[in-house]
1. Would you confirm whether any residue within the stretch 135-144 is among the charged types (D, E, K, R) and at pLDDT 65 or above?
2. Can you tell me which residue is modelled with the lowest pLDDT among those in the stretch 396-411 that are open to solvent by 10 Å² or more (accessible area, probe 1.4 Å) and of a type in the set (S, T, N, Q)?
3. Based on what the data block shows, is Ile429 in contact with a helix residue (DSSP H, G or I) (Cβ under 9 Å, 6 or more places away or on another chain), assigned to a strand (DSSP E or B) and open to solvent by less than 40 Å² (accessible area, probe 1.4 Å)?
4. Could you name every one of the helices (runs of 4 or more DSSP H) located completely within the stretch 146-247 that has at least 2 residues being at pLDDT below 90 and either surrounded by fewer than 16 Cβ atoms within 10 Å (Cβ to Cβ) or touching a Gly at 6+ places or on another chain (Cβ under 6 Å) (or both)?
5. Please find, among Gly419, Gly446, Gly451, the residue that is open to solvent by 20 Å² or more (accessible area, probe 1.4 Å) and on the phi > 0 side of the Ramachandran plot.
Amino acid sequence: MAHAPIHESAIRQGTADEPDVLTQPSVLSISTDESEILAKISILAGKIKSIDLDASSIQDSIDSIQGTKPLLVYPRHDNFTDLPCIDDTKNNVWLKAAQTLRTQLARLDFDLIGKQLEDFIEQLIVVRQRLHVDLLSRTSALALRNAPKSSQGILPVELWAQIFFLCLPNDDFVKPDPRQAPLLLCQICSAWRSVATGTPLLWSTLSIRGSWRRHIWKSFLECWLKRSGNAVLYLDISIPAYMEASFDTDVVKLITSSAQRWYRLKLSLPDNLLRSMLDNNMPVLHRLEFSSIYPIANLDIQASQAPNLRTVALLTKALYPQPLSLPWQQLTSFSSQCWLNVGQHLEILRKCARLESYSMCIVHADIPPDAKPIFMYHLRHLEIIAFIGNAMGPVLNHLQLPKLTQLSFTVPSESPVYGIADWPKFYAISLVERSSCRLTKVRLKGIDISGECIQDIKKYIPSVVSIEIH
């Protein structure tokens, strides 16, 4: 059931009065223990500052002693202050000797003082380092004490984003619902909202329904696509034909503006809208699923438009695959709900040499007389849905599948032979022997199978390890 989306203003509801803890500092009530920690931190910071000032002063003194600054201090007592006056002209040699001794003694005293000061500075450095470690420890303790008060105080933003991604519904496409992620995450608090709106993967998938009210189409889509950033997109768009008018030109342009990022498309649209959507360059499109009430004879998707398209699924029985122009050569998976005869399926297989998975709906067992066997080297999974039970086997005679690992046979509930048709045992055994493949899984649905048949499968196809019966 589709839910009406929530407008941007509604997404913000309940968060306007809450502080954004990602951009604003938290206001914390400080307990008695926290006050003591803060006081000790202040004392430690003061001690470290005092040590730094003392060290700076001592370093200036050392620079003076070493001659980098003028030497202004002289010893007050020495053995040369009481020398009698000597005639300079007669005793010049003695006077010079006295002055040299006085200078050398002063230098010796200051060298000893400088050595003591250097030792003291080293002690101050050791004490400072211890005080700094103590300061960091107390600061960290205070931060850890306050961290749980923030919604993101423990986990990094990247981990929050991963947790939010796991909160998304298990559906292939997210239906906008204020009671589910990602819209619900935006209503918890401003911190969660910031993480949610800043995580593009949360907004990379969207189910667009025709039941949305017209006046919120454009604004809501703009907001959602903007939040998806550069992420690849998974879009499910369902618009009934009678609501085509509500899907106006502006909305079409808005959606197609993101065609460069389409990775998976599931479309249920009127023909005109479907063609308009697929008439774009879709460089990363990998999977395309669409339905229509008409055959759509002129739908044309070139390989240059969708170079990475690998999977195509036709979701309605009225949609015939033959008239469609698709890049058949590059497809690895194709399925159709349209009932075709064996010859038409063989024609599709011939166009898709790279197929790894194929699902065919066979309406009857008639095979053209000129039908030639087909060698499909890459085909691994083959599903045969037969309206008439005896149509399941003959098609296998025209196939050679060396890589086949899974083989499924289904009789739909609307078939008159549902629950009573036999499985084509001999055709399947012949296919495995002819292809020399290692078949490991067999799935049977709507088929009458006994315990003896199961034993025959294990006996004649020993590579089978799994048999599913529905």
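The values are calculated or read from the model by the stated rules, or taken from the named source; none is laboratory data. It should be emphasised that the depicted structure is a prediction, and the values quoted were computed from it without experimental measurement. Glycine gets a Cβ as well: all are built from the backbone with ideal geometry, and neighbour counts include every protein chain shown. Accessible surface is based on the protein model in full, side chains and every heavy atom, while ligands, DNA and RNA are left aside. Shrake-Rupley method; radii C 1.70, N 1.55, O 1.52, S 1.80 Å.
1. Scanning the stretch 135-144 turns up no residue that is among the charged types (D, E, K, R) and at pLDDT 65 or above.
2. Initial filter on the stretch 396-411 (open to solvent by 10 Å² or more (accessible area, probe 1.4 Å)): 397-398, 400, 402-403, 405-406, 410.
Subset that is of a type in the set (S, T, N, Q): 397, 400, 405-406, 410.
Details: Asn397: 87, Gln400: 93, Thr405: 95, Gln406: 96, Thr410: 92.
Checking each candidate, the answer is Asn397.
3. no
4. On the way: elements: 157-166, 190-197, 217-227.
Passing ranges, in order: 157-166, 217-227.
5. Working: Gly446 fails: open to solvent by 20 Å² or more (accessible area, probe 1.4 Å); Gly451 fails: on the phi > 0 side of the Ramachandran plot.
Exactly one of Gly419, Gly446, Gly451 is open to solvent by 20 Å² or more (accessible area, probe 1.4 Å) and on the phi > 0 side of the Ramachandran plot, namely Gly419.
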